[in-house]
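Working notes, structure below.
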Amino acid sequence: MTQPVTPIEPIVWRRKHLLGIEPLSADEITLILDTAVQMREIMDRPIKKVPTLRGRTVVNLFMEASTRTRASFEMAERILSADSLSVQAAGSSVSKGESLLDTVRNLEAMTPDVIVVRHSSAGAANFLARNCNSRIVNAGDGAHEHPTQALLDAFTLRQAKGRIAGLKIAIVGDVLHSRVARSNIHLLSKMGAEVTLCAPPTLLPQEFSSLANLTWRLDEAIEGADVIMMLRLQQERMNSAFISTAREYHAHYGLTMDRLKKAKKDTVVLHPGPMNRGVEISSEVADSKSSLILDQVTNGVAVRMAVLYLLLGGGRE
Amino acid sequence: MTKTATPKRSKAAKDTLVLSATQLTTAIKTMAAKMMADQKDVASLAIVGIQSRGVPLAARLAAAIKAKTGKKVDVGSLDITLYRDDLSTIGTRPVLKSTNISFSIDGRAVVLVDDVLFTGRTIRAALDELVDFGRPSRIALAVLIDRGHRELPIQADYVGKVIKTTRSDMVDVRLAEIDGKDEVVLIKR
């Protein structure tokens, strides 16, 4: 009813899929984060439900273990009134040897609007986007990308620090196997943060040297950092000797209270979960007031609501 | 809710001034006076503006009531986008604006405020959204302009001005807070 004064909104969402952060522009990232701010407000209402995606169907296809991400997507879908169903590898025909494409084509025959996919192989989401008609949301594909995690991290940082540009951010731990790190490196550098990656030499790929500073020394990474993002040591993806023992790893790369004290007074700590307490992060730090770990979880729902809302824009295809 | 495409404005287009800045101010004062007459207990009143131009209008109504009674009235904002009935047919997603009702509306007399009442679909969405925040004792509607052409059985309780329009006309409400000046213009198409 209100006639627009500005002829056209400068940023509109035109993508069919969310496959990763790498292809997104800073404007698109900002649009998702701004949309998520309004979605976050819904979660504080007495009735946490809006009718926006009524009659839309979302399939959550999780071919790899997940608690947080799957629960978060399901929560986001419910708050937006979408109908959703979750399919997990265990207990599905995948365990009978059905291929990913066959599984998805069969699910697609039930006419969902969006398929949220988590898979242990890098490129799985892109592969489905090329071969299916549904909109695809990448909920983590191997060591490639986990875009909604990076978005919720960014949302949490904006909430805590008011901005992303200019922040000094240390990403510490198993960078090599981490899709969270990969998505975050792309997002944070696009948004103008200064990123330092810190890991043992075996877990620190050189490919990011153009986007971030690299160091093997934790104290160096932490010094002056506004934000410390800890990564989970992904022992399930380690098929050879990347580290000697978890104990030694903790001694050199574990975030403890003593180390955290060397950072700034208002340095905040993020972790995508699940945490290996006593390995990459001490319990004391994880439960300290510097930790934003549970805020990340809350914000994850809002960010996923924003993504689903934007992807399901436009007419039905 | 029915957004008309931005019109091709030729220099020959006939724009009629519906309300001048002074008339707009008077209209708000008159509406505020009626609200106070209907709700003697001003403290139980809450004014909720619908994004975008209902929001500054709500603030102005509250200011007018405060000027008369000295009492502060709660003011909130409502973005109805997520409750629209045409989300699956319109093009790209509208950018969401803030919804902020930081007080309980239970048992309160809530006045919804919008700039133009047209099809009534925006108000339907606003009513659905508002009741998700609580159970007001009464919900009333205040609009600066009623331009007719209702598609739903919805009427305003407080109206600045009723004007005759055709369906394709545009009513452009400009407010200092958003547009830099106060005026209401009817654009014939």
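Remark: the range B:16-29, residue by residue, has Karplus-estimated 3J(HN,Hα) of 10, 6, 8, 9, 7, 4, 5, 5, 5, 4, 4, 4, 5, 4 Hz, where x stands for each Gly or Pro and the curve is 6.51 cos²θ - 1.76 cosθ + 1.60 at θ = phi - 60°.
Relative to the longest principal axis of the Cα atoms of chain B, helix B:121-131 runs at roughly 20 degrees.
Normalised by residue number, the volume inside the convex hull of the Cα atoms of the protein assembly as shown is 173 Å³ per residue.
Taking a ≥ b ≥ c as the square roots of the eigenvalues of the Cα gyration tensor, the range B:88-134 is classed as prolate, since a/c reaches at least 1.5 and a/b is larger than b/c. Highest mobility in the GNM of chain A, judged by mean-square fluctuation with C-alpha springs under 10 Å and restricted to A:Phe242, A:Phe208, A:Phe155, is found for A:Phe242.
Could you work out the helix-only [θ] at 222 nm for the protein assembly as shown, with each DSSP H run of four or more residues adding -39,500 (n - 2.57) and the total divided by the number of residues, to the nearest 500 deg cm²/dmol?
-9500 deg cm²/dmol
Rg and Dmax of the range A:58-213, based on Cα coordinates, read 17.1, 50 Å.
Give me the dipole magnitude in Debye, nearest 20, for the range A:163-258 about the Cα centre, with unit charges on the beta carbon: positive for Lys and Arg, negative for Asp and Glu.
Values: 9 positive and 10 negative charges, 75 e Å.
The calculation lands at about 360 debye.
In terms of its Cα atoms, the range A:208-317 spans 55, 38, 31 Å along the principal axes, sorted from long to short. For the pair the range B:132-189 / the range A:40-107, the C-alpha centres are spaced 40 Å from each other. Sorted largest first, the principal axis extents computed over the alpha-carbon atoms of the range B:21-87 equal 41, 30, 17 Å. Our summary gives the range B:55-189 a relative contact order of 19 percent, counting only alpha carbon pairs under 8 angstrom and 6 or more residues apart.
In chain B, the DSSP beta bridges split such that about 30 percent are antiparallel, to the nearest 5.
Largest GNM mean-square fluctuation across B:Lys34, B:Lys14, B:Lys72, computed for chain B with C-alpha springs under 10 Å, falls on B:Lys14. Largest mean-square fluctuation among B:Ile65, B:Ile80, B:Ile90, in a Gaussian network model of chain B whose springs join Cα atoms under 10 Å apart, belongs to B:Ile90.
What does DSSP give for the protein assembly as shown in terms of the percent of beta bridges that are antiparallel, rounded to the nearest 5? So the antiparallel bridges amount to about 15 percent of the total.
Direction-averaged projected area, Cα convex hull, the range A:197-265: 5.1 nm², rounded to one decimal. Across q = 0.11, 0.13, 0.24 Å⁻¹, the range B:27-129 modelled as identical point scatterers on its alpha-carbon atoms has Debye log10 I(q)/I(0) values of -0.35, -0.48, -1.34, in the order of the q list. With the convex hull of the Cα atoms taken as the outline of chain B, the averaged projected area works out to 10.9 nm². Here are some pairs, A:Lys16/A:Lys265; A:Lys16/B:Lys164; B:Lys14/B:Lys66; A:Lys48/B:Lys40; B:Lys14/B:Lys181; which of them have Cα atoms lying more than 31 Å apart in this structure? Over 31 Å Cα-Cα: A:Lys16/A:Lys265; A:Lys16/B:Lys164; B:Lys14/B:Lys66; A:Lys48/B:Lys40.
Taking GluC sites (Glu not before Pro) across the range A:83-168, the ones in a DSSP loop with at most 16 further Cβ atoms lying within 10 angstrom of their Cβ are A:Glu98. Kirkwood radius for the range B:65-120, taken over all pairs of different Cα atoms as the inverse mean of 1/r, rounds to 14.3 Å.
Each reported figure results from applying straightforward, stated rules to the coordinates on display, with no laboratory input. Note that this is a predicted model, so its numbers are computed, not measured. Cβ coordinates were reconstructed from backbone atoms using ideal geometry, including for glycine residues, and neighbour counts include every protein chain displayed.
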